[in-house]
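Asker: Please read through the structure below; I'll follow up with questions.
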Amino acid sequence: MLLFRGTALPLHHALLKGNIKAHICPSILNEYIQVLSYRKFGLTKEETSYLIDEEILPFFIIHDEPPQSKNWIVEDSSDNKFIDLACTIPGSILVSGDIHLLQHRDTLPCRTISLAECIDMLSSSLNSRT
């Protein structure tokens, strides 16, 4: 699993076990495809397609494009689509490493946490079950 190595591995395990659910919409999927095609990753089109088809889509619930709301992240308005989607899913938590989202999380209409905070939550949840 290329996308779920390292720090994100516990998140991948939680997805596989059904302990958490991941959500995506067309604009977010398009951004993932664009980012994976950045030269710095050195991926071929076939490798990018594999990652999308085998390591992203099977684990995500696909939603229609959510309505656009306020421009929450002025510094990078392309981040707003993540907030818009999270706001349409009751009880959702937006997990991100994006500095703009994390800097504004106290003013966002959805709960937003870092990957490390998500891993801590998963660990605490699993430890409380045993």
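Asker: Looking at segment 75-87, can you tell me whether even one residue there is assigned to a loop (DSSP other than H, G, I, E, B) and farther than 22 Å from Ala116 by Cα?
Answerer: Among the residues of segment 75-87, not one is assigned to a loop (DSSP other than H, G, I, E, B) and farther than 22 Å from Ala116 by Cα, which makes the answer no.
Asker: Being within 24 Å of Val35 (Cα to Cα), acidic (Asp, Glu), in contact with a helix residue (DSSP H, G or I) (Cβ under 9 Å, 6 or more places away or on another chain) and surrounded by fewer than 12 Cβ atoms within 10 Å (Cβ to Cβ): is that true of Asp98 here?
Answerer: Answer is no for this residue.
Asker: Would you mention how many residues in segment 75-130 are of a type in the set (S, T, N, Q) and over 27 Å from Pro26 (Cβ atoms)?
Answerer: Total satisfying the criteria: 6.
Asker: Confirm whether His23 is more than 21 Å from Asp98 (Cα to Cα) and surrounded by 14 or more Cβ atoms within 10 Å (Cβ to Cβ).
Answerer: When the stated conditions are applied, His23 does not pass them.
Asker: State whether the residues of segment 20-33 include one that is assigned to a helix (DSSP H, G or I) and basic (Lys, Arg).
Answerer: No, segment 20-33 contains no residue that is assigned to a helix (DSSP H, G or I) and basic (Lys, Arg).
Asker: Which residue out of Leu101, Leu85, Leu43, Leu122 is over 16 Å from Leu11 (Cβ atoms) and in contact (Cβ under 8 Å) with a residue 40 or more places away in the chain?
Answerer: The match here is Leu85.
Every number in this text was worked out from the coordinates using simple rules, so none of it is lab data. Computed from a prediction, not measured in an experiment: that's the story for all the values here. Glycine gets a Cβ as well: all are built from the backbone with ideal geometry, and neighbour counts include every protein chain shown.
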